[in-house]
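S.K.: For reference, the structure I am asking about is given below.
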Amino acid sequence: MWRYAVAVDADRRGGTSAVRDMDAKESPEVGESAGDGLDESTGLRPAVQRAAEEDDLREGLAGLSRLTNRLGLEDLLTRVATYAVRAIPGADGAGLTLLEDDRANTIVATAAFVSDIQYGIGQGPCITAAREGQTVMSGSLGSDPRWRKFGGTVARLGVHSVLSLPLVTPDRVVGAMNVYAHDRHVFDERAAELGEIYAVPAAIAVQNAQVLAHTQRLAAQLQSALETRGVIDRAIGIMMSRSGGTEDQALARLRALSQNEHHKLAVVARQIIDDAVRRAQARRDSG
């Protein structure tokens, strides 16, 4: 299983620095008139703020649509998490956790404080979200009874709110995305709604990145196996020319050398080839 730790600065109001670098055209910032929080008389967000949030979501989705397979796994996942910070109201940073071989592994983080969060303790909102396939939210991690050990550790880092979104494809849950905020009770149902909209295409992008990375690993392994086989075959030919016998007998002698020298078969084969090259060169020089 692979582990990456990537950090870029995150500033929600101006968009993340990574988003600014990625976008060819920078969108205008939301004016201060958008306001923060709910309207005291109606309990609803002001219309201007809702419109600004929807613009941020559209910008995040547009960013996803521009992702290409030319990006490496690490870069692509970092961008998925970075656009989430832009798309979800109140987010200060995000982390993306993949499920591979039935184990969760944090792959990327959009801010240094997210990279500092430890996931190896076997609990946390991202694990719950991925396991249950449901959105998980907490506004006071330090006192949340669901993840006492995790919550206490994160709270000491000054992180108190989290929105965890499962990344669900038609086939399976491929992971979870954790969106964090320093303040308490930052995320609400509106943030969850926008996050769930964003998580749908994000899950497809993540799955495609996983499939591509797996295919590339298999291709590299196959190429390595072919190269190793070629080295062994050359060494067998050299041994047959020196000592006679069949191909099977030469292979048996090669394996015996490998066991006696406590080296891999390919390493011993390479030594035989290098020795043969040196001998041939010495004969040419002497002649």
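S.K.: Heavy atoms only, probe 1.4 Å: what % of the accessible area of the range 163-239 goes to carbon and sulfur, would you let me know?
M.R.: 58 percent
S.K.: Please compute the contact order of the range 91-246 in relative form: average sequence separation of alpha-carbon pairs under 8 Å and at least six residues apart, divided by the residue count, as a percent.
M.R.: 20 percent
The values are calculated or read from the model by the stated rules, or taken from the named source; none is laboratory data. Here the structure is a predicted model, which means the values were calculated and not measured. Just so you know, the surface numbers come from the protein's heavy atoms only, side chains and all, with ligands and any DNA or RNA stripped out. Shrake-Rupley method; radii C 1.70, N 1.55, O 1.52, S 1.80 Å.
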